[in-house]
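Okay, structure first, notes after.
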Amino acid sequence: MQWSQYPPETDRLTELRHQRMLLRTLADDVALAARRLLPAGAPAEWRSEAQRAYLERRWELAALLAGAERSIEETLTAVLVRIEAEKAQARSRCPGEPGWMVGVSGPESGEGLLVSGGGGTLVATDAVLAEAAVLRTLQTEAESWRARLARIRALDSAQTPAVRWTDADPGLGILRTDTVFADIVERSRTLADALLTAAEDYGRVERAVERASGVAGAWLGYLVGRAAPLMILGALPNLAAIALGGLAGRALFGGVFAEGSLADVAAWFQANPGLLSDPAVVAAVRVLVSSADDTAVGALGLPFPAGLELGDEGLGMLGLSSAAGTALLLVRPFGLLRETPVSVHRVTETGSPVHPAVLAALPPAGFGELARRIPDARAEGPQIRIERYAGAAGSPPSWIVYIGGTAEWDPTGTGQPFDLASDVSGAAAPLGPSGAYRAVVEAMHAAGVQPQDPVLPVGHSLGGQIAVQLAESGEFNAVGVASFGSPTAELSIPAGVEAVTVEHTDDIVPAFGGTAAGVDDRVLVRSRAFAAGEAPAGQALPAHSLTSYQATAHLMDDSAEPNLLRFRDTLAGVGASGPAEVTRWRGIRTAGP
């Protein structure tokens, strides 16, 4: 290393060095924006002429950004030339002044080295909104870049008049760059507005289709109800024959006959999951479930317009909850789907009797981690996991409550509250909360959750339904809620609660929640878990499995959609205080009704 004299500092040299610094940071920001605008490739589902035209405009924006980078580099080069010229003039003015001693690594100081950063036809609303957010961000950034360029220009106290500019003048480079930035502002604004308009138009069309299918389903249900008495009379001979055959089979083979028949049916669906995993079947079931009340209206002989006015399409006095409540009243006298008192107890880690019941866990980083922590639906395992995050000084603690799905399908009850009885009771709101819901509330109270504490409930299947009901009840201070594969369409989300509902279009379970009766602030994320013909055998409902939803949750973590980002911000706020105390809870049914 050798030593050289640094030229005396001048106001002009200070201005130029400040310009150099600002231009370098601006170049880095423009390069970063250009990288964000250059994806690996267009989404595979983007095939329409409008979508391809949008992608062409996007590439034009990227080309403009590349041009802006070049203009900034040219401007920076001109500034560096001015710096060297100013240094030479300073040396000529003060040839004998020693100045300050600075180290350099070679014959040149290196100041001139510039280093900068180099299936289906369904509208992908997530991708569209994420694209709009990127473009809106670019618009804002380009507007700020123009302001920064104006500041850079103002630093030149010895500006050359525009009429005397040459290609080597920094002023010309700044003007060219500002012109490109102005074009970027206008184009990004136009594209973002067009994308949002397209998303809104798609939403309006989708809602219109849902309303039309809902009315059509209501009319079909009404006709079935009107024809039900005749259908029952016509089917009586066949029903009698089936009943006699069943009695004969039970007399000859005992209970094995009935159990074997049910097992055969279950085995067939497991070997052939395609039927229940067909999105068309799922959509049809959703409409039919929502039409259950219309069937009752038809059976009672009421006019169809009265049914519409009283049902989900009107006042909401009749609907899925009233239909589920009616079903429970009909079957409970026969010992089916009965509700009982429940109790909960804290569970230690399986296989570790000496392990403490209170564990520690880092805050979940996103949707994937939330879904991973939901308890598996096992008959003998804990159904509830509760994480407590200590609040800052003077603030209450925050809680995340994870709730598992249905663990028992026996309609007669086995002591497990996460059972078929809770599935139906959860939809029959007028008859009171389900046993599973009461178990979760009791576990939360036992864990120490207070009414004012921020709570974020998360669940899969039945657990997701309970999570939304917790937010809906107002008993706790729910700041967010997430459900995966849950029948929650007819449940409402209070204003101000960040809510994300995840559904697979080939999962039939969410369809049993019917269609949404109104509009709230929840974010609905839909995707297909398995392509046509690729549903794995061995599971009757593979798209409903918790592992399938965990995979979708990880994809959500990679999304830049603004609503999903906002939910992740809420999640980060709940777990901001660091590691949590974790407890696991198991609920049981304690007695008969």
Exercise for the section: Using R₀ = 56 Å, calculate the FRET efficiency as 1/(1 + (r/R₀)^6) where r is the Cβ-Cβ separation of GLU143 and HIS445; round to 0.05. Expected result: 0.60
Practice task
Answer with one residue from PHE512, THR414, SER492: the one whose Cα lies farthest towards the positive end of the charge dipole of the stretch 389-535, charges on Cβ with Lys, Arg +1 and Asp, Glu -1.
Solution key: SER492
Exercise for the section: Could you list the trypsin sites (Lys or Arg not before Pro) in the stretch 364-423 that lie in coil according to DSSP, counting only those with at most 16 other Cβ atoms within 10 Å of their Cβ? Expected result: ARG373, ARG378
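Keeping every protein chain present and rolling a 1.4 Å probe, give me the accessible area per residue for the stretch 468-549 in Å².
38 Å²
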Problem - Length released on extending from GLU475 to TRP409, taking residue separation times 0.36 nm less the Cα-Cα span - result: 20.9 nm
Exercise for the section: Could you check the simple spin-label distance between ARG36 and ALA572, using points 7 Å along Cα→Cβ, in nm with one decimal? Expected result: 1.4 nm
Exercise for the section: Pick out, in residue order, every one of the GluC sites (Glu not before Pro) in the stretch 365-450 that is DSSP loop and has at most 16 other C-beta atoms within 10 Å; say none if there are none. Expected result: GLU380
Practice task
State, to one decimal in nm, how far the label point of ALA531 lies from the label point of HIS554, with both points 7 Å from Cα in the Cβ direction.
Solution key: 1.9 nm
Fill in the blank from the handout: Quick calc, the stretch 499-593, dipole around Cα centre from Cβ unit charges on Lys, Arg (+) and Asp, Glu (-), nearest 20 debye, gives 400 debye
Practice task
Compute, for ARG189, the solvent-accessible surface of its heavy atoms (probe 1.4 Å) with the complete set of protein chains present, and express it in square angstrom to the nearest 10.
Solution key: 80 Å²
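Round to the nearest 0.05 the FRET efficiency obtained for ARG70 and PHE334 when R0 = 51 Å and r is the Cβ-Cβ distance. Before the final figure, lay out the partial values.
Values: r = 80 Å, r/R0 = 1.57.
Calculated transfer efficiency: 0.05.
The values are calculated or read from the model by the stated rules, or taken from the named source; none is laboratory data. Here the structure is a predicted model, which is why all the values come from computation and not from measurement. Neighbour counts run over all protein chains shown; Cβ positions are idealised from the backbone, glycine included. SASA here: full protein model, heavy atoms, side chains in, ligands and nucleic acids out. Shrake-Rupley method; radii C 1.70, N 1.55, O 1.52, S 1.80 Å.
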